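Working notes, beginning with the structure itself.
Derivation of every value follows stated rules applied to the coordinates shown; laboratory data play no part. The shown structure was predicted, so the numbers you read here are calculated from the model rather than taken from an experiment. Every residue, glycine among them, receives a Cβ derived from its backbone with ideal geometry; neighbour counts consider all protein chains shown.
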């Protein structure tokens, strides 16, 4: 099958337009209508502290800790130079990333300031909070702010915001811990340690050089409006169905997302963030274009929310949020907190990967033996990781007996891609009597990309397979083409690379997966069959390498021999791309996390002999 695709060329097409510009947000306190959620901002931005209350005396706050103790601001300040209120959440991905770091900062400045961790997400249980305290080693008081008194007094905006108050209860800093993480963004390390700088100033009796920033995190809920939504939309009658259709594949117990959304109570404390990511179309994650209203998508797994669903969900979120009648609720889909494919016939696992506390994203190439004594046919495959957020993504290759190990510094495009893992796409199911052949004695070669989590942790990737019970009539194989030379100039904000390939034989395409890395911001796929005009198969204008999406067609696409495939990747190697590992150097082709890629995997399906294993 390796001769089915012939590599033609790779070329760079340059242009000078800037596709995204980031800068300091206007220094002012955002005014908003009652019940309207704050605007989502994806990255840390320096602000003017004056309009945000910096320099003012904060009120004396009284609260009860998770252990039932009564606390107040004045008492906590008695033997310290200051106090830090830390907004947190057990389920927000950014709160998770900053948990261990906050505990380390608290320990570093234990003689200078007390820390109070404030959780206002009503959907998070006290067991969740106690687990968070144990996991990260928080020493300070932990306050479940169920009545929202603390966050309303402070004017807190997100689950990662911190407030540094001196001994006179003067607010000297509010905002982000540092600027390493954002919504879908991550630097290799912080450029500005805002909280540490503020605490150092508190310790030395000076003023922080930066007194306010916007802290990207999960938006804290605003009060609901009194008016019901138009059209009689209720949670049970409409919203639960929208969430079930669009969100629960990941946001459920045992799913890839860090918290479930399968009940009304699970939404509480997360409603503003849901509003923000749905209105900005960050969620559900989908790179591909969305067909016009009234037209169906060619993709069987299209996740983009329809405009009708988006409109109704946002209308409900921005209203009095009526529950409606429980008898109108949809029948709940059967879910499991184990394997989505059901009980696997085999579970293969990488060795446990030791991640350092800090540093850039790590790449490891791992080999896993299948130990299959005879050929197996997999009708369903699932990839799972041990630790949420640690493994960013992984490529899983099939190395049959006799195959040559690929070069260590390049993507193994001479092998078949079995599949890819990312938090939103990790299950492969084939149609009845269709399966993937795993030859006896095969190995799995896994390119795994993992990000340090401020804790010394171990993580691993597991591969579960369910084998076909009947002899398959159709076999799935993958064809991979990848650029072997690619260079994105340092600082280039809008760069393109095109990879062209031609089919030497006819093929029926079942699914396809483009692959770029941190600098990739867009990708398109064009098909030109000898007897037809060029057809744009995929136009993903907002590519995000967090989501390695396998685009599965509703019906296999028949391509003639001689069909030309053009894969175009768009890259941003400037400082404006906050995923960029280093904007000062040219990005070249390679397998490491700070290198780039332009690759396309085509899954093709073809008839097989009737007997199992042939």
Potential lengthening between residue 167 and residue 311 on full extension [0.36 nm per residue; Cα-Cα distance subtracted]: 47.0 nm
query: For segment 478-614, what value does the Rg/Rh ratio take when both radii are computed over Cα atoms and Rh is the Kirkwood radius, given to two decimals?
result: 1.04
message: Pairs of alpha-carbon atoms within less than 8 angstrom and 6+ residues apart define the contacts here; what relative contact order does the chain have, in percent?
response: 16
statement: Computed Rg/Rh for segment 87-182 (Cα atoms; Rh = Kirkwood radius) stands at 0.93
Quotient of C-alpha Rg and 2.2 N^0.38 Å, computed over segment 293-363: 1.89
field: Shape box of segment 395-524 [Cα atoms, principal axes, largest first, Å]
entry: 54, 46, 30
- prompt: To the nearest 10 degrees, how steeply does helix 194-204 sit against the main Cα axis of the chain, on a 0 to 90 scale?
  reply: 30
query: Computed FRET efficiency, Cβ-Cβ of residue 408 and residue 268, R0 45 Å: what is it to the nearest 0.05?
result: 0.35
message: Per-residue counts of other Cβ atoms within 10 Å, averaged by peptide: what ranking do you get for 80-93, 425-438, highest first?
response: 80-93, 425-438
task: Pull out the extension gain between residue 592 and residue 531, defined as 0.36 nm times the separation in residues minus the alpha carbon to alpha carbon distance; nm, one decimal.
output: 17.9 nm
message: Restricting to Cα pairs below 8 Å that are 6+ residues apart, what does the relative contact order work out to for segment 426-582? Please round to a whole percent.
response: 28
query: How many nm separate the modelled label positions at residue 367 and residue 541, each set 7 Å beyond the Cα in the direction of the Cβ?
result: 4.6
statement: The convex hull of the Cα atoms of segment 142-282, divided by residue count, gives a volume in Å³ per residue of 159
- request: Express as a percent, rounded to the nearest 5, the fraction of DSSP beta bridges in the chain (both residues included) that run antiparallel.
  value: 90
- request: Give me the distance in nm between label points sitting 7 Å out from Cα along the Cα-to-Cβ direction at residue 131 and residue 203, one decimal.
  value: 3.4
message: Going by Cα centres, segment 238-299 and segment 361-376 are how many Å apart?
response: 33
task: Normalising by the residue count of segment 45-214, find the relative contact order in percent from Cα pairs under 8 Å and 6+ residues apart.
output: 30
statement: Over the chain, the sum of -39500 (n - 2.57) across DSSP H runs of at least four, divided by residue number and rounded to 500 deg cm²/dmol, gives at 222 nm -3500 deg cm²/dmol
Crossing angle, helix 126-136 versus the chain [Cα axis fit, 0-90 degrees, rounded to tens]: 80
task: Mind pulling the per residue volume of the convex hull built on the Cα atoms of segment 45-214? Å³ is fine.
output: 107
query: Using alpha carbon centroids, what distance separates segment 400-446 and segment 44-107, in Å?
result: 47
- request: Compute the distance in nm between two label points, each set 7 Å from the Cα along the Cα-to-Cβ direction, one at residue 108 and one at residue 325.
  value: 5.9
field: Spatial separation of Cα centroids for segment 140-203 and segment 535-614, in angstrom
entry: 39
query: Along its principal axes, what span do the Cα atoms of segment 233-328 show, with the longest given first and each in whole Å?
result: 35, 30, 25
message: Along each principal axis of its Cα atoms, how long is segment 339-472 end to end? Whole angstroms, biggest number first, please.
response: 49, 33, 22
- prompt: Nearest 0.05, what FRET efficiency do residue 467 and residue 505 give at R0 = 41 Å with Cβ-Cβ as r?
  reply: 0.90
